[in-house]
Amino acid sequence: MKQGRKQVALWLAISFIAAVGVTTVAFETASAARTATTAVKSAKARNGMRQFTGYVTALDKATLTVQRRGKNPRAMVFTKHEEMKTTGDIEKDARVTVYYRDDGGRSVAHRVIVKADAGGTASAG
């Protein structure tokens, strides 16, 4: 009878170790899958278009500076992409939405939409 108890105890110990091992492998696999999914989402966020809406404060051939007004003002300087598309005439104090991507630490504008102001004076181009 003692041998039967020892065999049952040994069987339980082996089962427990196997279950813990399978659980650990499953946990590590799930953790790796989460990390891979997060990496893909991060890559999409980095490569996706972002947008910034505000008023043009400065404009030249290579850059566009837009300032958001209000309680938390913020200004951003955008480098113009060589194939940048615009809707409307970009001029100083025009309200615009800039669609841009971060490229090597620079914000590169790909599309600019001029918003109609309260009087509706923004022209389509």
Candidate set from region 80-89 (those that are out of contact with any Gly (no Cβ under 9 Å at 6 or more places or on another chain) and either at pLDDT 95 or above or crowded, with 17+ Cβ neighbours inside 10 Å (or both)); member that is farthest from His110 (Cα to Cα): Lys80
Residues of region 90-110 satisfying the condition of being within 18 Å of the chain's Cα centre (by Cα) and of a type in the set (Lys, Arg): Arg101, Arg106
Residue within region 113-120 that is at pLDDT 95 or above, of a type outside the set (Ser, Thr, Tyr) and closer than 11 Å to Gln51 by Cα present: yes
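The values are calculated or read from the model by the stated rules, or taken from the named source; none is laboratory data. The structure presented is a predicted model; accordingly, all values stated were derived computationally and were not measured. Note that we place each Cβ from the backbone using ideal geometry, even for glycine, and neighbour counts take in every protein chain shown.
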